[in-house]
2 protein chains.
Amino acid sequence: MKTQSSIRRMTRQRRLLLDTLDRKNWHPTADEVYRIVKMKAPRVSLGTVYRNLDILSKEGVITKIEEAGSQRRYDGNPRPHYHVHCLKCGAIADMPDEAARWLNIPKMELPDFKITGHRLIFEGYCAHCQDKEEMDGKGN
Amino acid sequence: MKTQSSIRRMTRQRRLLLDTLDRKNWHPTADEVYRIVKMKAPRVSLGTVYRNLDILSKEGVITKIEEAGSQRRYDGNPRPHYHVHCLKCGAIADMPDEAARWLNIPKMELPDFKITGHRLIFEGYCAHCQDKEEMDGKGN
DNA sequence: GTAAATGCAAAAACTTTGCAAATTC
DNA sequence: GAATTTGCAAAGTTTTTGCATTTAC
């Protein structure tokens, strides 16, 4: 069902980009990926990074995360899983499978909408931002 | 717990903006709100619309929807509810309470993350885009 | 009268794209 | 060798911001 046609050539840049994303619980923005790939391929361009992130997520090799606020993030893990999202700094983390496996979201039916899946995002504050809260007195 | 300090004055623009959002199952982008407010207040600026959407959502009077892909949407209904999201056109619709009320997402605990809530988005295709699919042969 | 809010315009932030040159298979 | 991919730079989109002026209370 999934077109596997776009990945034709494993360029150095593509390889580095995939390596970058191949890390647990890591959900970088395009710019973060760019900066890391750049260390080994200094002349890489942001455009190339965006193009590859787009191609790879269309292929289903990686996942594009749209729920993180204004800036898009990417996830090297294409298999369905849930995320937690820090409301203060925007960070995304994986919800451990063990914690969420038993969640059983039922199949929903709607008259005018064909539902094909769902996303569940837990919100709150990461360790780092919790600490800051204590000093700030609840900044917004 | 919620600072109620920013809404100091009910300006004409603010009133019109709130009226615009006061409609069921309507999740406009800032630009859509702008165009509508503009009909009655032709000199309103997009900046004002953005500023008000921001203030009002911080007040908890409306909701900022971050899950709709690249463009942010807003919801006049501040009470927690679930959304459905069209993968083709980006539209957002409300999941009817009756359909989702019995969903019982348990309280989650994580070691390094303080979870305060969750968002659940059902994905699929709206009536309009389902029709288009049939003609297109599964566009992307 | 005064603080808050607006309009305008410029800038910031993020993402996409055209095209000639380079690279992969 | 041919088609894909890249780098570069320019442009597109969405959102934010500074500041003088206007407005609500």
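The values are calculated or read from the model by the stated rules, or taken from the named source; none is laboratory data. Everything quoted here is computed from the prediction, not taken from an experiment. Cβ sites come from the backbone with ideal geometry, for glycine too, and all protein chains shown count toward neighbours.
For this structure, a couple of remarks:
- Of all residues in the stretch B:43-55 being out of contact with any helix residue (DSSP H, G or I) (no Cβ under 6 Å at 6 or more places or on another chain), assigned to a helix (DSSP H, G or I) and away from chain A (no Cβ under 14 Å), the one that is farthest from DNA strand D (Cβ to nearest atom): B:Arg51
- Qualifying residues in the stretch B:58-79 (those that are small (Gly, Ala, Ser) and either buried (at least 17 other Cβ atoms within 10 Å of the Cβ) or farther than 19 Å from B:Met10 by Cα (or both)) - the one nearest to DNA strand C (Cβ to nearest atom): B:Ser70
- Total residues in the stretch B:51-73 satisfying the condition of being of a type in the set (S, T, N, Q) and modelled with pLDDT under 90: the figure is 2.
- A:Met39 meets the conditions (1) within 16 Å of DNA strand D (Cβ to nearest atom); (2) surrounded by 15 or more Cβ atoms within 10 Å (Cβ to Cβ); (3) not acidic (Asp, Glu) in every case but one. The failed one is (2).
- The stretch B:56-70 - residue that is assigned to a loop (DSSP other than H, G, I, E, B) and more than 10 Å from chain A (Cβ to nearest Cβ) and, of those, farthest from DNA strand D (Cβ to nearest atom): B:Gly60
- Strands (runs of 3 or more DSSP E) wholly inside the stretch B:74-140 that include at least 2 residues being modelled with pLDDT of 75 or more and more than 9 Å from every other protein chain (Cβ to nearest Cβ): B:92-94
- Qualifying residue in the stretch B:20-41 (condition: at pLDDT below 90 and over 26 Å from A:Ile121 (Cα atoms)): no
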